[in-house]
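What follows is calculated from the coordinates using simple rules that are stated; it is not laboratory data. Because the structure is predicted, anything quoted here is derived from the model rather than measured. Here the Cβ is made from the backbone with ideal geometry for all residues, glycine too, and neighbour counts use every protein chain on show.
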Amino acid sequence: MRFGFILTQAVFSAFPVLCFLAFVFSVLSAFSTVFLFGTLFCIGIALLVLIPILVLTSGAALFTWGLGAASFILGQWIYTVLRDTAANFNEELGNHQQDKVPVRPRLAPPAGPSSSSSATSWARVERQPTNQGGESEAQQKESAHPDPGSDVDALEP
């Protein structure tokens, strides 16, 4: 917002300031040796013209920046209202979409360091009903653990 304000002020005020500087340098070059007081008088007259012009251009730049900032804020508000209205409208019609998150199996944490030289150190526990009495048994399936640094995914069966 600050950058936009400074930019609009600079754009709207650049032309009058450049014209003033061109006038000052042309008058200084023309009257510098002979008419020093005439030069200062002409610069004073030019300042009397420049100051009201800068006030007008600063006002126009402020108006333009304010219009842009208000349009931006109003656009955000309208977008939010329309988005919320559309979401409520879909819920009222029963068309709301439920987020279906894919279920991923939870894996047991890696086993601690062991003294065995076995290549299997990751284990996954799956519970499945095995008999008709409703009891469940825990079966432990071990997957091969690849060498460190290999491209094989250790978590895939």
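Only one residue in LEU7, LEU18, LEU50 is exposed (fewer than 11 other Cβ atoms within 10 Å of the Cβ) and among the hydrophobic types (A, V, I, L, M, F, W, C). Which one?
LEU18
Please specify each residue of the range 1-53 satisfying the condition of being of a type in the set (S, T, N, Q) and outside any helix (DSSP H, G or I).
Across the range 1-53, the qualifying residues are SER32, THR33.
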